[in-house]
1. Among the listed residues Ser52, Ser31, identify the single one that is closer than 17 Å to Tyr131 by Cα, of a type outside the set (A, V, I, L, M) and either in contact (Cβ under 8 Å) with a residue 60 or more places away in the chain or open to solvent by less than 70 Å² (accessible area, probe 1.4 Å) (or both).
2. Only one of Gly66, Gly18, Gly79 is touching a strand residue (DSSP E or B) at 6+ places or on another chain (Cβ under 9 Å) and either closer than 22 Å to Asp123 by Cβ or modelled with pLDDT under 95 (or both). Can you tell me which?
3. Inspect all residues belonging to the range 124-138 and state whether any of them is within 17 Å of Val182 (Cβ to Cβ) and either among the hydrophobic types (A, V, I, L, M, F, W, C) or touching a helix residue (DSSP H, G or I) at 6+ places or on another chain (Cβ under 8 Å) (or both).
4. Name the single residue, out of those in the range 169-221 being in contact with a Pro (Cβ under 7 Å, 6 or more places away or on another chain) and in contact (Cβ under 8 Å) with a residue 60 or more places away in the chain, that is most open to solvent (accessible area, probe 1.4 Å).
5. So for the range 184-203 (the condition being assigned to a helix (DSSP H, G or I), charged (D, E, K, R) and closer than 19 Å to Pro75 by Cα), does at least one residue qualify?
6. If you scan the range 206-223, which residues turn out to be among the polar types (S, T, N, Q) and over 13 Å from Asp186 (Cα atoms)?
7. Checking the conditions here, which among Tyr136, Tyr131 is more than 19 Å from Val26 (Cβ to Cβ) and hydroxyl-bearing (Ser, Thr, Tyr)?
8. I need a count of the residues in the range 148-164 that are open to solvent by 60 Å² or more (accessible area, probe 1.4 Å) and modelled with pLDDT of 95 or more.
Amino acid sequence: MEIHPIARIHSDFPGKFGIPRQSGLVPELRSRIIFEPEYRNRDAVRGLEDFSHLWLIWEFSETIRGEWSPTVRPPKLGGNKRMGVFATRSPFRPNSLALSCVELQDIIFSKEDGPILEITGADLMDRTPIYDIKPYLPYADCKPLATGGFTDSVEAHLLHVILPDNADQVLPAEKLLSLEKVLAQDPRPSYQNDPERIYAFEFADVTVRFFVQDDILTVVSMS
């Protein structure tokens, strides 16, 4: 069976590094979904405006491998313990497919690009192919008594973020807040904890450089 992208996302992350590890962790992140030319039909999104959230089915397009492993090392466990691939959301999967829940903010109808979906809370790299979009149904999808497996035993931990004095001159307030929330999630690989190492990633056309020491993330430059 062949499947083809119906759309691509446009986000502030040109690369993988820095992207939140799950959707919804940084609800301030704004993105746009632009349909491929053959799907730019406003009838295809009729009624979608009445839903608050969407499911995106997309591809880990930057992690496709010829072979797959039955076990992976989840970042939630520090990258030191192996779990079955189907017990994780690792990008290294047999079919490289992903699932994300995002919030729909608006639908804009463009003469050139057709319907454009304005969303928040996505965990996708810029230009990532999307294979399907489905509405989130609270009566069926919300499971208040659900258990989270090994993730339930790992406490959520946020870093304290220190931004440079000129940060508000480099990014507008909305994007700066999103960046701060992204950094607080600790974008470093789980197996790296070198307090002298400078990390860098691209966000909203800005190169962000930082280091982490004693649960404090300090941004050394934004340019």
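The values are calculated or read from the model by the stated rules, or taken from the named source; none is laboratory data. As the structure is a prediction and not an experimental result, all values here were calculated from the model. All Cβ positions, glycine included, derive from the backbone under ideal geometry; neighbour counts span all protein chains shown. Heads up: the accessible areas ignore ligands, DNA and RNA and are worked out on the full protein's heavy atoms, side chains in. Shrake-Rupley method; radii C 1.70, N 1.55, O 1.52, S 1.80 Å.
1. Ser31
2. Gly18
3. Yes, because at least one residue in the range 124-138 is within 17 Å of Val182 (Cβ to Cβ) and either among the hydrophobic types (A, V, I, L, M, F, W, C) or touching a helix residue (DSSP H, G or I) at 6+ places or on another chain (Cβ under 8 Å) (or both).
4. Filtering the range 169-221 for residues that are in contact with a Pro (Cβ under 7 Å, 6 or more places away or on another chain) and in contact (Cβ under 8 Å) with a residue 60 or more places away in the chain, the one most open to solvent (accessible area, probe 1.4 Å) comes out as Glu202.
5. No, that holds for no residue.
6. Hits for the range 206-223 are Thr207, Ser221, Ser223.
7. Among Tyr136, Tyr131, only Tyr131 is more than 19 Å from Val26 (Cβ to Cβ) and hydroxyl-bearing (Ser, Thr, Tyr).
8. Step one: of the range 148-164, the residues open to solvent by 60 Å² or more (accessible area, probe 1.4 Å) are 152-153, 155-158, 160, 162.
Narrowing further to those that are modelled with pLDDT of 95 or more: 160, 162.
Of the residues in that region, 2 qualify.
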